[in-house]
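Here's the structure, in structure tokens; my notes come after.
The values are calculated or read from the model by the stated rules, or taken from the named source; none is laboratory data. What you are looking at is a predicted structure, and each value in this text was computed from that prediction instead of being measured. Cβ placement follows ideal geometry from the backbone for every residue including glycine, while neighbour counts extend to all protein chains displayed. Note: areas computed on protein heavy atoms with side chains; ligands, DNA, RNA excluded. Shrake-Rupley method; radii C 1.70, N 1.55, O 1.52, S 1.80 Å.
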Amino acid sequence: MKKYLGLALLGIMAGPLSAQVARTPAGADTASPLSKIPSLYCIVLSLHDTIRYDRHFNGTQPGDVFDDQSLTKSIGSLLIGIAIDKGMISGVDEKLTHWFPGLKNDPDKRKQDITLREVMNQASGLYHENLQSPTGIPDFLAIPDAGEYVLAAPLVTTPGSQFHYNNAGTHVLSLILTKATGMDVRSFATQYLFGPLGISTFEWEKMKDGYYDLAGLQNVRLRTADLIRIGSLLLQEGRYEGKQIVSKRWIDLTLQPDLVYDSPWGFMPSKYALCWYHTSFRGNEMIYGMGWGGQFLIVIPALQLVMAVNQSHEDAKAPRQSGLFTEAIFPAFYEAIQEGKFNK
């Protein structure tokens with residue numbers, strides 16, 4: 001995000017936002033500067049497991065589900081963790097040949113050593129859609145056997161050698177979870193994550209290859225408030241209302257991964273590991289999921305903070321919407337929290 005954009009946004013919005021952000025803690029908001037942002041749909045903030053801010057904008061309603069884009073990846077990470085907890089997957093260093101033995105016959109022997117961890121770290125070296133092209137994602141979505149296509153295509157880089165954001169490669173997680181559990185991704189999520197969290201309102205469509213996508217191309221659509229329940233697992237060692245949904249071991253690995261890669265976007269600087277981003281915000285460690293167009297799920301353990309935001313994802317405006325959130329909206333909320341405005 002260019003510096004001038006951040007300065008302009010902060011100059012115009014941060015002052016009014018920090019002063020007004022804690023007013024009218026729930027419902028539709030027509031008074032604050034946030035209501036002037038045409039892309040914004042909903043913001044929900046939880047502190048110490050209590051909702052302190054929950055507002056909808058631009059005609060959206062509490063029951064609406066929103067397009068979470070690549071936030072789906074972070075949800076998928078929790079599903080992979082649950083499968084590992086249940087012994088359905090041995091661990092993140094399991095090689096893809098366990099589920100796709102045909103890779104042993106591929107002319108490129110490097111494919112035999114690709115691990116689940118490398119796929120989750122965006123460092124698998126597998127084929128990726130061309131994000132620089134406006135037709136890159138539509139072309140990939142049109143492939144009838146997308147997952148198998150990715151596995152069969154030539155490697156782009158040596159596995160593990162570098163980070164390259166890869167929706168196509170991440171879709172392979174959908175195939176792995178389905179093969180490992182004997183359940184489709186949606187059913188597995190319903191039984192072991194959404195159901196135990198009390199999440200019953202969501203939408204999820206299959207890709208053309210018959211798999212529910214964990215990359216965020218045919219992504220899950222959830223209520224913003226339900227993202228808060230998912231994020232709270234990272235604060236409660238995987239528990240929700242006394243029930244262990246994800247193991248503490250997986251949550252610990254998620255919060256403190258032993259291998260990370262530099263991310264070229266998001267809150268700067270950020271690292272990436274296991275489908276989550278990591279950074280330090282004003283001295284506090286922060287982990288977050290992020291989706292195209294400014295979809296965010298943010299967790300700051302030291303503050304017992306979970307924040308979720310959904311916005312439009314129109315391609316022409318999407319990068320600016322993410323920048324607006326990281327450079328103006330979130331800092332304003334953070335300042336209001338530090339000033340104790342949400343404790344009133």
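Just going by the charge dipole of the chain, with Lys and Arg at +1 and Asp and Glu at -1 on Cβ, which of 202, 96, 325 is farthest out on the positive end?
The residue sitting most towards the positive pole is 325.
Tell me the per residue accessible area of the stretch 163-302 using a 1.4 Å probe; a whole number in Å² is fine.
With the other protein chains kept in place, the stretch 163-302 gives 37 Å² per residue.
For residue 53, list long-range residues whose amide hydrogen, built 1.01 Å from N in the peptide plane, is under 5 Å from its own amide hydrogen.
Placed amide hydrogens put 45 under 5 Å from residue 53.
May I ask you to rank 128, 56 by accessible area, largest first, using a 1.4 Å probe over the protein chains only?
So the residues, ranked largest to smallest area, are 128, 56.
First compute the accessible area of the chain with a 1.4 Å probe, then give the percent of it belonging to carbon and sulfur atoms. Let's see the in-between values first.
Details: 7330 of 14300 Å².
Summing carbon and sulfur atoms, their accessible area is 51 percent of the total for the chain.
For the stretch 53-154, what ratio Rg/Rh do Cα atoms give with a Kirkwood hydrodynamic radius?
When Rh is taken as the Kirkwood radius, the ratio is 1.07.
Tell me the Kirkwood radius of the stretch 185-344: reciprocal of the mean inverse pair distance over distinct alpha-carbon atoms, in Å.
The answer is 16.9 Å.
Tell me which lysines have Cα within less than 27 Å of residue 206's Cα, excluding those fewer than 8 residues away on the same chain?
In chain and number order, the partners are 73, 86, 95, 111, 179, 317.
Just the accessible area for residue 208, please: 1.4 Å probe, Å², rounded to the nearest 10?
For residue 208, solvent-accessible area is about 140 Å².
Ignoring ligands, DNA and RNA, what accessible area per residue does the stretch 78-159 give at 1.4 Å, in Å²? List each step's numbers first, then the result.
Values: 3680 Å² over 82 residues.
Accessible surface, normalised per residue, equals 45 Å².
Check cross-link reach from residue 271 to the aspartates and glutamates: straight Cα distance under 14 Å, and skip same-chain residues fewer than eight apart.
Excluding near neighbours in sequence, the set is 258, 262, 285.
Given only helices, namely DSSP H runs of n ≥ 4 each adding -39500 (n - 2.57), what is the per-residue ellipticity at 222 nm of the chain, to the nearest 500 deg cm²/dmol?
Computed mean residue ellipticity for the chain: -8000 deg cm²/dmol.
Mind checking which aspartates and glutamates have their C-alpha under 19 Å from residue 243, skipping anything on the same chain fewer than 8 residues away?
Output for residue 243: 49, 85, 226, 252.
Rounded to the nearest 10 Å², what accessible area does residue 290 show when all protein chains are kept and the probe is 1.4 Å?
Per-residue accessible area (residue 290): approximately 20 Å².
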